[in-house]
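Inspection log for the structure reproduced underneath, given as structure tokens.
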Amino acid sequence: MPVKNRSIKTFYNHKCMQPNPYRIFWDLEILTEKLTPEEKMKLTSTERLQMHKPYGYCYAVIRMDSSFNYEIISHNLYKGSNALEKFVKRIEGELLNIQEDLSAQAEIIMAPGDLKAYNEVTECWICKKSFLKPLSEALQKFEEAKHRLLEVIEWEASMREDHPEKKKIQKEYQEALSGFNCKIKDHDHISGKYQDPAHDTCNK
């Protein structure tokens, strides 16, 4: 039997609750061909009567923002030989295009009154929890990481080459920044539309 206050399951992976900006709808057309006697001879205990052979495909790539406004950005229809190989090659190309598009986020667009509303809101729109002031330990860790990162930048400017520990120090800085779990302006990376304030970690 369910136990009071212990029978509620909560989903905390907030980033997976956001709309996926891309969708690919696809379909494969298959022809069935009877097996030849030679192909049947290769079988062991499994009895197969027909072979499924891809003959064609179609797909559409749809991009959608957080307001569910969508557009078809790519599509393709094919019938003929080597359908499966051509389909896989086309989809791999589409995935590269999607990754390139997502790597260039749209600049945030704030309407009149959005900044005032942002300053007044006291809880994250994603997890519904309050924004808390960072602890002194987190502040100290951030200042130390920031100082090390500035030293790296100055070193690279004078030496004109990459610092040997640049990636490590950048990672430490990002971790220290995430420790704040501070209030940030969440926006749609596709349309640029400002949404609401959110925790830094909820917005990852």
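Sorted by mean Cβ packing within 10 Å, highest first, what order do the peptides 91-102, 142-153, 192-203 take?
On the way: 91-102: 13.0, 142-153: 15.0, 192-203: 18.5.
The most tightly packed comes first, giving 192-203, 142-153, 91-102.
Excluding R63 itself, what net charge comes from residues whose Cβ is under 10 Å from its Cβ, given Lys and Arg +1 and Asp and Glu -1?
On the way: positive: R23; negative: D65, E71, D101.
Summing Lys and Arg as +1 and Asp and Glu as -1 gives -2.
Summing Lys and Arg as +1 and Asp and Glu as -1 over all other residues whose Cβ lies under 14 Å from the Cβ of I98 gives a net charge of -2. Maximal additional length on extending the E33-E92 stretch stands at 18.4 nm, based on 0.36 nm per residue less the C-alpha distance. Length available on full extension from E100 to E137: 0.36 nm per residue minus the Cα-Cα distance, which gives 9.5 nm. Approximating the spin labels as points 7 Å out from Cα along Cα→Cβ, the C127-to-L177 distance works out to 1.8 nm.
Read-outs throughout are calculated quantities, based only on the coordinates presented, and are distinct from any laboratory measurement. The shown structure was predicted, so the numbers you read here are calculated from the model rather than taken from an experiment. Cβ: placed from backbone, ideal geometry, glycine included. Neighbour counts: every protein chain shown.
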